[in-house]
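Q: Take this structure first; my questions come after.
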Amino acid sequence: MNDFLKSKQLYMLFVLPFIVMAIAFTGSYFSFVPAESFQVKGCIDIAFVHRLDKFWSSVIGGITVLGIAYMIFFINEQFKLLQQTTTLPSLIYVLLTSGVMISLGFDYLLISVFILTIAIGRLQLAINDIKGNHTLFDFGALVVLAVAIYPKFVLLVVWAMCVVFFSGRSTLKDISALLLGLITPVAFLVFYYFWTDRLAQLPERFVDNLMAGEYIQHLPVIEFIRLGILLFLLMVALINFSVHYAILVVGYRRGILAFISMLFFLSVTLFVIPVNYYDFMYIFALPLAFVYSLFFLSHRVAFFGNLLFLLFLGACFLAYWCLG
């Protein structure tokens, strides 16, 4: 298994579509108890989402997840965040979101995550290419666009403003480009609502969707076990990262720190904003895919790595137990 995890072969790129199709088929044709969820529409109304039946929701959701998985591969391939060619983070993302894909399918949150994945690609380019500021503008604009579609990601705007300071992009020009990127989608959105005589509804709609739902009060025991496993693996991965921190190339270090800081702001979101806990795995899995992969690729003890990967697979399959 250790050879599989550290393999540089790309055959998994051709296997991933079949894995996603199998998951989508499972969600469409087998009965699972839907996870508790509530609809969040956001400030940009995407009408066709509401008209999808369960089958098409699973199909489009699977295609979107597959697209995110491929983008994860290309982000790592372009910037070598894991210091080698690998499809492992893409596989980890699909496995982490498989339970959510069955229960939820396609909705506003997944559209927003797709946009945020593109935004992360622009951030990584900004970290590695300090000559231009257009990448920071793109990063800011895409983050705000994702928040406009799914307001519960609003703390990621704060993350976008913080992450530039430890990414080597903190000059006045860099910050100005980022702020301009953050403001531009807001200006277009305000203009659209003004043009359609609905400007007064914009803040109300944003706040209503931001605060829709309930705060997390209790979870099933099996979900506590699953969450405990994922947190344990995260702690091991973070300890491994801190051990190797000094020997990592500066660009790789900053790239991984961007994902770790994103995890922090997403974790805070769970406590300060009413959220769909299960649905949030679509976005949590994005930074986790890179953080977990860094550990599985850099650990030195094969038996320990294999054992923890089996533990990770167990946590993924527990999601099906919660839905069963």
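The values are calculated or read from the model by the stated rules, or taken from the named source; none is laboratory data. No experiment lies behind these values; they were computed from the predicted model shown. Note: ideal-geometry Cβ built from the backbone for every residue, glycine included; neighbour counts use all protein chains shown. Areas reflect the complete protein model, heavy atoms only, side chains present, ligands, DNA and RNA absent. Shrake-Rupley method; radii C 1.70, N 1.55, O 1.52, S 1.80 Å.
Q: Since Leu109 meets every condition but one in (1) open to solvent by less than 30 Å² (accessible area, probe 1.4 Å); (2) over 27 Å from Leu297 (Cβ atoms); (3) outside any helix (DSSP H, G or I), which condition does it not meet?
A: (3)
Q: For segment 197-218, which positions are open to solvent by 30 Å² or more (accessible area, probe 1.4 Å) and part of a loop (DSSP other than H, G, I, E, B)?
A: Across segment 197-218, the qualifying residues are Asp197, Arg198, Leu199, Ala200, Met211, Gly213, Glu214, Tyr215, Ile216, Gln217, His218.
Q: In segment 149-175, how many are open to solvent by 60 Å² or more (accessible area, probe 1.4 Å) and over 21 Å from Ile260 (Cα atoms)?
A: Qualifying residue count, segment 149-175: 3.
Q: Against the condition open to solvent by less than 10 Å² (accessible area, probe 1.4 Å) and closer than 30 Å to Lys54 by Cβ, how does Thr135 come out, does it pass?
A: No.
Q: Could you please find all residues in segment 14-54 being over 30 Å from Pro185 (Cβ atoms), open to solvent by 50 Å² or more (accessible area, probe 1.4 Å) and either modelled with pLDDT of 70 or more or hydroxyl-bearing (Ser, Thr, Tyr) (or both)?
A: Of everything in segment 14-54, those that are over 30 Å from Pro185 (Cβ atoms), open to solvent by 50 Å² or more (accessible area, probe 1.4 Å) and either modelled with pLDDT of 70 or more or hydroxyl-bearing (Ser, Thr, Tyr) (or both) turn out to be Phe14, Val15, Phe18, Met21, Ala22, Phe25, Tyr29, Ser31, Asp53, Lys54.
Q: Across segment 75-91, what is the number of residues that are within 14 Å of Met12 (Cβ to Cβ), part of a helix (DSSP H, G or I) and in contact (Cβ under 8 Å) with a residue 40 or more places away in the chain?
A: Number of matching residues: 5.
Q: Consider Phe232 against the criteria (1) surrounded by 18 or more Cβ atoms within 10 Å (Cβ to Cβ); (2) at pLDDT 95 or above: it satisfies all of them except one. Which criterion is unmet?
A: (1)
Q: Among the candidates Leu231, Leu257, which residue alone is closer than 24 Å to Cys316 by Cα and either out of contact with any His (no Cβ under 6 Å at 6 or more places or on another chain) or part of a helix (DSSP H, G or I) (or both)?
A: That would be Leu231, the only listed residue that is closer than 24 Å to Cys316 by Cα and either out of contact with any His (no Cβ under 6 Å at 6 or more places or on another chain) or part of a helix (DSSP H, G or I) (or both).
Q: Among the residues of segment 284-302, which ones are β-branched (Val, Ile, Thr) and either at pLDDT below 95 or not in a helix (DSSP H, G or I) (or both)?
A: Selection gives Val301 alone.
Q: A further question on this structure: Quick test of your reading of the structure: Arg226 fulfils all but one of (1) open to solvent by less than 30 Å² (accessible area, probe 1.4 Å); (2) over 22 Å from the mean Cα position of the chain (by Cα). Name the failing condition by number.
A: Going through the list (1) open to solvent by less than 30 Å² (accessible area, probe 1.4 Å); (2) over 22 Å from the mean Cα position of the chain (by Cα), Arg226 breaks only (2).
Q: Suppose the filter is modelled with pLDDT of 90 or more, under 24 Å from Val158 (Cβ atoms) and under 14 Å from the mean Cα position of the chain (by Cα); does Phe259 pass it?
A: yes
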